[in-house]
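One structure is given below, encoded as structure tokens.
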Amino acid sequence: MYAQNCDEKIFGVVYDLHDNLPLEGVSVTLVENNSEIQTIANGKFVFTGLCEQSYMLLLEHPDCVPVTIKVNSPSSILKRFYLEHHLNELEEIIITEVGQKKESKTGIESNMSSQEINRFRTQSLGDALQQLSGVSGIKTGNAIVKPVVHGVSGSRLAIVNDGIRLQDHEWGADHAPSIDINGANQVQLIKGATALKYGGDAIGGVLQILPKRHLLKDSLFGSVSSAYQSQGRGRYAFADLTKTYQAGNYFGVNTSFKGSGDLESPNYVLSNTGNKEQHAKIFFGRNTITQEWRFDYRFFSKETGILAAAHLGTIGDLARSIQAGEPLVISPWTREIKNPRQTTAHHTASFRYERRMTNNAKWDIRYSYQNNNRKEFDLRRGSFKNQAALDLVLQSHDLQFNLRSKPENDLQWHSGFSAQLQDNYSNPATGVRRLIPDYLRYKLGAYAVSEYIPSNNFTAEIGVRYDYDRLDAQKFYRITDWDRRGYSSEFQNTIISTTSAGNYLTQQLKEYGNLSASLGIKQALAENTFVFMNLGYINRSPNPSELFSDGLHHALATIELGELRLKQERAIKGLFSVEKNKGKLRYSLVAYWSKVSDYIVLEPTEEGIDQARNSAFLVRQYRQLPDVNLSGLDADISYRFSEQFSWSSSAAWINGKQKNGEALIDIPPFNLSNKLTIYPIKDHPLELRLTSEYVGEQTAFPDRNFSYNFLTDGIISSALVDISTPPSAYHLMGLELSTRIPLGIEVRLVVDNIFDTEYRNYLNRLRYFTADTGRNLRLELSYTF
């Protein structure tokens, strides 16, 4: 008979993941025979008398989450094991505080916790973000909302979802982010240009959406919720499920559905404003503390009706609609979405790998693929009735590498590089002139940021980033338009051929080198009170819409014209903030100023209405302003009077002017929000919240009014069309009641615009044709397990 040799050994040493120091007193259990030993002062342990096979080791420590690891015997080298020594402490912090890690040590940030996000599950990301000071929303009707930070949006605001910058034709006012807020656990808004990791072109800042962090434990958790709202008779459903294992494996899925019919103002139906939205996400990965990999797939789709009164046949009808005070088209309520309408389908697949080194350095690599298909359907007849008038497919490949160095002598470095390839295809089967042409875009970027932290009272950061941006587009131009805009002398060498339809086919090659830099300082004034100062230099390339737009933007009911002569924007932005983040009284006061050279703006033209096409539409054109100044103030303040009574307030004011003193268009007016939270019954989960939102009248605006001619009884007359004067100030009140009922179900009743106030929002691009929505009642049920 043969006897197995069982005199092998396993040597090991256990380290603290954060400071790389040995951990004493760690209980190490050999699961197969239940033998247990303790690590000594240098963190070492040894098991003897083992056979040649694999074993499971269970590592336990009072301040750590237990970890199970598979090892093989015999072991010829010293095995290293790492424990997250502060993980239990972090769980406690997350329960009692927001628990959000700052992206930048000196950046000026605003945060939304998961509890606040849950209050906006039935609404859009843009609606939720307006709860943060300094954030407004530019709207196309009421279902399409995109964030505006410090007066800018689109390409000037980077939206980063789980480390991946969103690529979804973000430039248009009707292009709301292709993100469902239900996929977020935390939201961070980094004001200023401090997050060089994601690009150097974000004059407004970086909006970062973060998922949940999964702990090393055997658990199954999730939530389900549903809701109904009176506006549009909307319905909503959401489900989320995550499974985690102590060994580090995890997977999960979440999905949501939103749908509504026509919305209503206090006095009439907003015809063809229905909305359908779907979201799904699956993910799986493995986290072993020292390294983690993860795969994600997200799908987002949205179908939105465009207000029927915004699409009319003649110049006279359009002018009368703007002047009428209410829509010229009011139909009975319906859930059906008809043309004109907009659809979006966005797919994202991503993979990332993170590794923490033994010297506490850390690196990660990420790849993502995004596919965004945007369609717009106009009022068409015959065989083109159901054919999209705009059909764009944008494919984006992104690769990122980031490195965080070992902290040494109060210094730490963050560096990395990124590469991007974009392919935009504009489907010619639409049968109409393409608004955006086919193009390829290549981007290469690299950044480095140094942190200097000599003490807990002072921190300094300095960073620099360089991006190379190349755009290669093929575009048709009408020869008459080409000559009228004076392109013949400057761009004659870009003409490839002349078509029989009287068009030039051109190839437009644009190359840009963008240098960006930032400097930030954080200084403690007193306990929990800090001063932040940040200075940034930003370069931004013009995006394809600004360069090449040429046609009808159906969702906005405007004709948009690009400009080939556009140059890079160059901006200097400074921010100063005083913050107190703990105690009964908390506040954040932010003052900012930015000077932008060659600022690109989309403004109405002198002609006002295009009369050369089958229908009449407002005309807007991109142009460049030599120098623009943007300055403003953001304020957040809250006070907890007792465990049952608290108050919070936020305000924002911004001033945007050209060097000659003329005001900029589409600058948000002053706004002030207040919230009063009451727990009427002590030790009972009943919560009452009263909200107040005041939006002032914008008094600084450019005059872009125009006259149009019309025929009455054979006589040609002229009338002025006012598209410049902002609407009056308004004040909205809201109420929210929430509690828990048996079985742990949370019930929330929300009333928006309690008094059914009729108002118009200056940043709503369809305010010319209709008022905004009236009172809305929402009933929500949710269960978390």
Open item on the list: Please count how many residues of the range 669-680 are part of a strand (DSSP E or B) and of a type outside the set (Val, Ile, Thr).
Closed with: 6
Open item on the list: Report every pair of residues separated by at least 6 positions or lying on different chains whose Cβ atoms are under 9 Å apart, first residue within the range 352-375 and farther than 14 Å from ILE289 by Cβ, second charged (D, E, K, R) and outside any strand (DSSP E or B).
Closed with: ARG352/ASP162; ASN359/LYS406; ALA361/LYS406; GLN370/ASP168; ASN372/ASP168; ARG374/ASP168
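Does ILE209 satisfy the criteria of being within 19 Å of the chain's Cα centre (by Cα), modelled with pLDDT under 90 and outside any loop (DSSP other than H, G, I, E, B)? Spell out how you get there, then give the answer.
Numbers: within 19 Å of the chain's Cα centre (by Cα): yes; modelled with pLDDT under 90: yes; outside any loop (DSSP other than H, G, I, E, B): yes.
So ILE209 fits the description; yes.
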Open item on the list: Checking the structure you have, find out if any residue of the range 163-173 is more than 15 Å from the chain's Cα centre (by Cα), closer than 24 Å to GLN422 by Cβ and not in a strand (DSSP E or B).
Closed with: no
Task: Residue in the range 641-648 that is crowded, with 17+ Cβ neighbours inside 10 Å and either more than 28 Å from the chain's Cα centre (by Cα) or under 24 Å from ASN764 (Cβ atoms) (or both) present - done: yes
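When you look at SER265, is it in contact (Cβ under 8 Å) with a residue 40 or more places away in the chain, surrounded by 17 or more Cβ atoms within 10 Å (Cβ to Cβ), out of contact with any Lys or Arg (no Cβ under 9 Å at 6 or more places or on another chain) and of a type in the set (Gly, Ala, Ser), yes or no? Write out each step before concluding.
Numbers: in contact (Cβ under 8 Å) with a residue 40 or more places away in the chain: yes; surrounded by 17 or more Cβ atoms within 10 Å (Cβ to Cβ): yes; out of contact with any Lys or Arg (no Cβ under 9 Å at 6 or more places or on another chain): yes; of a type in the set (Gly, Ala, Ser): yes.
Yes: the conditions hold for SER265.
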Open item on the list: Any residue in the range 656-667 that is under 11 Å from GLY151 (Cα atoms) sitting within a Cβ distance under 8 Å of a residue that is of a type in the set (Lys, Arg) and at pLDDT 90 or above? List the pairs, counting only those 6 or more apart or interchain.
Closed with: LEU664/LYS657
- [ ] State all residues of the range 383-401 that are surrounded by 19 or more Cβ atoms within 10 Å (Cβ to Cβ) and either touching a Pro at 6+ places or on another chain (Cβ under 8 Å) or farther than 18 Å from LEU435 by Cβ (or both); if no residue qualifies, say none.
- [x] SER396, ASP398, GLN400
Open item on the list: Looking at the structure I just gave you, is ARG404 without any contact (Cβ under 8 Å) to a residue 60 or more places away in the chain, surrounded by 16 or more Cβ atoms within 10 Å (Cβ to Cβ) and farther than 22 Å from GLY163 by Cβ?
Closed with: no
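To keep it simple, each residue is scored yes or no on (1) closer than 30 Å to LEU411 by Cβ; (2) crowded, with 22+ Cβ neighbours inside 10 Å; (3) more than 26 Å from the chain's Cα centre (by Cα).
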residue	(1), (2), (3)
THR459	yes, no, yes
GLY463	yes, yes, no
ASP483	no, no, yes
GLU511	no, no, yes
ASN514	yes, no, no
PHE530	yes, no, yes
LEU535	yes, no, no
GLY551	no, no, yes
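Which residue, of THR304, THR344, THR314, THR334, is at pLDDT 90 or above, under 30 Å from THR558 (Cα atoms) and surrounded by fewer than 18 Cβ atoms within 10 Å (Cβ to Cβ)? Working first, answer last.
Details: THR304 fails: surrounded by fewer than 18 Cβ atoms within 10 Å (Cβ to Cβ); THR344 fails: surrounded by fewer than 18 Cβ atoms within 10 Å (Cβ to Cβ); THR314 fails: at pLDDT 90 or above.
Being at pLDDT 90 or above, under 30 Å from THR558 (Cα atoms) and surrounded by fewer than 18 Cβ atoms within 10 Å (Cβ to Cβ) holds for just one of THR304, THR344, THR314, THR334, which is THR334.
Pick out, from the range 713-757, the strands (runs of 3 or more DSSP E) lying fully within it that include 2 or more residues that are within 25 Å of ILE322 (Cα to Cα) and in contact with a strand residue (DSSP E or B) (Cβ under 6 Å, 6 or more places away or on another chain). If you could, list the steps in order and put the result at the bottom.
On the way: elements: 715-721, 730-741, 745-752.
Counting at least 2 such residues, we get 715-721, 730-741.
Residue by residue, here is whether (1) under 30 Å from GLY151 (Cβ atoms); (2) in contact with a helix residue (DSSP H, G or I) (Cβ under 9 Å, 6 or more places away or on another chain); (3) at pLDDT 85 or above; (4) not assigned by TED's automatic domain parsing to the domain that holds GLY141 holds:
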{"position": "LEU690", "(1), (2), (3), (4)": "yes, no, yes, yes"}
{"position": "THR712", "(1), (2), (3), (4)": "no, no, no, yes"}
{"position": "THR739", "(1), (2), (3), (4)": "no, no, yes, yes"}
{"position": "TYR759", "(1), (2), (3), (4)": "yes, no, yes, yes"}
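Test of understanding: among LEU392, LEU435, which residue is assigned to a strand (DSSP E or B), within 30 Å of the chain's Cα centre (by Cα), farther than 30 Å from LEU17 by Cβ and touching a residue at least 12 places away in the same chain (Cβ under 8 Å)? Break it down stepwise before answering.
Working: LEU435 fails: assigned to a strand (DSSP E or B).
Within the list LEU392, LEU435, the selection yields LEU392.
Looking only at the range 198-207, which residues are crowded, with 24+ Cβ neighbours inside 10 Å and within 22 Å of GLY285 (Cβ to Cβ)?
Initially, the range 198-207 is screened for residues crowded, with 24+ Cβ neighbours inside 10 Å, giving 199-207.
Scanning the range 198-207 gives no hits.
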- [ ] Mind counting the residues in the range 109-125 that are crowded, with 23+ Cβ neighbours inside 10 Å, more than 14 Å from GLY204 (Cα to Cα) and among the small types (Gly, Ala, Ser)?
- [x] 1
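Could you please give the count of residues in the range 434-457 that are exposed (fewer than 15 other Cβ atoms within 10 Å of the Cβ) and either more than 30 Å from HIS553 (Cβ to Cβ) or at pLDDT below 90 (or both)? Give the steps one after another, and end with the answer.
Residues of the range 434-457 exposed (fewer than 15 other Cβ atoms within 10 Å of the Cβ): 440, 442, 444, 454-457.
After this cut, where a residue has to be either more than 30 Å from HIS553 (Cβ to Cβ) or at pLDDT below 90 (or both) as well, the list is 444, 454-457.
Selection size over the range 434-457: 5.
For every residue, the table says whether it meets (1) of a type in the set (Ser, Thr, Tyr); (2) under 20 Å from VAL135 (Cα atoms); (3) exposed (fewer than 14 other Cβ atoms within 10 Å of the Cβ); (4) touching a residue at least 12 places away in the same chain (Cβ under 8 Å).
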{"site": "ALA652", "(1), (2), (3), (4)": "no, yes, no, yes"}
{"site": "ALA700", "(1), (2), (3), (4)": "no, yes, no, yes"}
{"site": "ASN709", "(1), (2), (3), (4)": "no, no, yes, no"}
{"site": "GLY714", "(1), (2), (3), (4)": "no, no, yes, no"}
{"site": "THR725", "(1), (2), (3), (4)": "yes, no, yes, yes"}
{"site": "GLY734", "(1), (2), (3), (4)": "no, yes, no, yes"}
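Suppose we filter VAL149, VAL145 for residues that are at pLDDT 85 or above, surrounded by 24 or more Cβ atoms within 10 Å (Cβ to Cβ) and touching a helix residue (DSSP H, G or I) at 6+ places or on another chain (Cβ under 9 Å); which single one remains? Walk me through it before giving the result.
Details: VAL145 fails: at pLDDT 85 or above.
It is VAL149.
Specify which of the listed residues (ASP666, ASP636, ASP683, ASP703) is not in a loop (DSSP other than H, G, I, E, B) and not hydrophobic (A, V, I, L, M, F, W, C).
On the way: ASP666 fails: not in a loop (DSSP other than H, G, I, E, B); ASP683 fails: not in a loop (DSSP other than H, G, I, E, B); ASP703 fails: not in a loop (DSSP other than H, G, I, E, B).
After ruling out the rest, the residue left standing is ASP636.
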TODO: Only residues in the range 331-345 that are in a loop (DSSP other than H, G, I, E, B) count as the first member; pair them with residues that are of a type in the set (S, T, N, Q) and buried (at least 20 other Cβ atoms within 10 Å of the Cβ), Cβ under 8 angstrom, at least 6 apart or cross-chain, and list the lot.
DONE: SER331/SER271; SER331/ASN272; ARG335/SER260; ILE337/ASN272; ILE337/ASN275; ILE337/THR304; LYS338/ASN272; PRO340/ASN272
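Considering THR273, THR242, which residue is modelled with pLDDT of 90 or more, in the same structural domain as ARG740 (by TED's automatic domain parsing) and outside any strand (DSSP E or B)? I'd like the intermediate steps shown before the answer.
On the way: THR242 fails: outside any strand (DSSP E or B).
Checking each option against the conditions leaves just THR273.
Considering only the range 83-98, I want to know if a residue exists there that is more than 30 Å from LEU690 (Cα to Cα), in a strand (DSSP E or B) and modelled with pLDDT of 70 or more. Explain how you work it out, then say what you get.
Step one: list which residues in the range 83-98 are more than 30 Å from LEU690 (Cα to Cα), which gives 83-91.
With the extra rule that they be in a strand (DSSP E or B), the set shrinks to 83.
Filter again for modelled with pLDDT of 70 or more, leaving 83.
Yes - at least one qualifying residue is present in the range 83-98.
If I go through the range 581-604 residue by residue, how many of them are more than 15 Å from VAL531 (Cβ to Cβ) and either not aliphatic (A, V, I, L, M) or not in a strand (DSSP E or B) (or both)?
If we filter the range 581-604 for residues that are more than 15 Å from VAL531 (Cβ to Cβ), which is where we start, we get 582-586, 593-604.
Filter once more, so that each one left must be either not aliphatic (A, V, I, L, M) or not in a strand (DSSP E or B) (or both): 582-584, 586, 593-595, 597-599, 603-604.
Within the range 581-604, residues that are more than 15 Å from VAL531 (Cβ to Cβ) and either not aliphatic (A, V, I, L, M) or not in a strand (DSSP E or B) (or both) number 12.
The values are calculated or read from the model by the stated rules, or taken from the named source; none is laboratory data. All values reported here derive from a predicted model rather than from experimental measurement. Virtual Cβ from ideal backbone geometry, glycine too; neighbours counted across all protein chains shown.
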